[in-house]
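Single-structure report; data block below.
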Amino acid sequence: MKNKVLILFFSALLSSTSYASNVNDFCVADLKGPDSLSGYPCLPPTTLTDDNFVFNLQPANTSQFPTIKAGISTAFVNEFPALNGLDISVAHVAFEKDGFFPMHSHPDATELIILVEGEITAGFVTGMNSIAYLKTLKPGDLMVIPPGHLHFVANSGNEKATGFATFSSSNPTIHSFNNIFANNVPSDILAQATFLDIAQVKKLKARFGGSN
């Protein structure tokens, strides 16, 4: 009797921790349908082909964002619908010398940075006691950014840097530092709220497309 109980216990444990393995493990997005918290509706499985599960990720182009000398090429659900509901996505990133991505966060996704060439310095700031963790990365290095943490990436080398960023979401949200100034909030109010003077606020608004 005791052996039977143990067998049932371990069977239940394995079934609760293993991944499902039936034909409903995927849901290729029907991008014509509404996007909800659970993702897009599924295309009928009978309409799918091998090509639905393959995506060609193009190299990032640093002319995309000349102000920050950086570029990003994404394979999120809107570009690669097979990622729908799978909680994974990837981007290729590139930085010219002195290029960077300013402070930003992904409230719904962990990020894993993988450096391929060049040198970058990446870091994040915790919400508790504002502790910063930063590291200069070399090719082959990986760095994890916990969800919701403000973080940045900067080319700290003397040549172009490239790599990948993977996310634990098929469509990660991005809250960027740029958004503080890419709006029509009056400059005097933003100056008061950010400890900057009005001239600095107006300069940043001009840089990021804000007004007022």
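Any residue in the stretch 72-89 that is at pLDDT 95 or above, in a loop (DSSP other than H, G, I, E, B) and farther than 24 Å from G33 by Cα? Within the stretch 72-89, none of the residues are at pLDDT 95 or above, in a loop (DSSP other than H, G, I, E, B) and farther than 24 Å from G33 by Cα. Restricting the first member to the stretch 88-102 and to residues that are among the polar types (S, T, N, Q), and the second to residues that are outside any strand (DSSP E or B), the beta-carbon pairs closer than 6 Å and six or more apart or on different chains are S89/F76; S89/L83; S89/S170.
Using the structure shown, decide if F167 is under 30 Å from E117 (Cβ atoms) and either surrounded by fewer than 13 Cβ atoms within 10 Å (Cβ to Cβ) or not aliphatic (A, V, I, L, M) (or both). The answer is yes for F167.
The values are calculated or read from the model by the stated rules, or taken from the named source; none is laboratory data. None of these values were measured; they are calculated from a predicted model. Cβ atoms come from the backbone with ideal geometry, glycine included; neighbour counts cover every protein chain shown.
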